[in-house]
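Shown next, in structure tokens, is the structure this report addresses.
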Amino acid sequence: MTNRLELVGTIAKQPKRSQSPAGIPHCHFVLEHRSIQQEAGLPRQVYCYINVVVSGKGQQVLTQDLVIGSNVKVGGFISYQTGRNGIGKLVLHADHIDII
């Protein structure tokens, strides 16, 4: 099954770096996307706000230059996660980031 998402946007919250109990490094940030898309032959303003996580020792080089306000193109897969408060959200697990 295919699960691939590519999105261009602006980093809306400062990236936070952490490490799992197993020693795996993670970088979390929020990506804000705004654009105009065509739907049913008409222009539509589109907005989304999605949590992004980059995991793994080899992947952290992707995040070293990221700061709030950076314009980026992010690619990866999406997954549903439930937080400690019981509220669910979609999270983009990135394996590719380009600063644009």
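Working only within region 74-87, note down all residues that are in a strand (DSSP E or B) and open to solvent by 30 Å² or more (accessible area, probe 1.4 Å).
Phe77, Ile78, Ser79, Tyr80, Gln81, Thr82
For region 88-100, enumerate the residues that are open to solvent by 70 Å² or more (accessible area, probe 1.4 Å) and of a type in the set (Asp, Glu).
Asp95
Can you name the residue in region 79-99 that is free of Cβ contacts under 8 Å to residues at least 60 places away in the same chain and among the aliphatic types (A, V, I, L, M) and, of all such residues, is farthest from Ile50 (Cα to Cα)?
Ile99
Of the residues that sit in region 57-70 and are over 12 Å from the mean Cα position of the chain (by Cα) and polar (S, T, N, Q), which one is least open to solvent (accessible area, probe 1.4 Å)?
Restricting to residues being over 12 Å from the mean Cα position of the chain (by Cα) and polar (S, T, N, Q), the top hit is Ser70.
Tally up the residues in region 20-47 that are surrounded by 10 or more Cβ atoms within 10 Å (Cβ to Cβ) and either at pLDDT below 95 or under 15 Å from Thr63 (Cβ atoms) (or both), please.
Residues in region 20-47 being surrounded by 10 or more Cβ atoms within 10 Å (Cβ to Cβ) and either at pLDDT below 95 or under 15 Å from Thr63 (Cβ atoms) (or both): 8 in total.
The values are calculated or read from the model by the stated rules, or taken from the named source; none is laboratory data. Since this is a predicted model, take the numbers as computed values, not measurements. When we count neighbours, we look across all protein chains shown, and the Cβ atoms used for this are built from the backbone with ideal geometry, even at glycine. Surface areas here come from the heavy atoms of the whole protein model, side chains and all, with no ligands, DNA or RNA. Shrake-Rupley method; radii C 1.70, N 1.55, O 1.52, S 1.80 Å.
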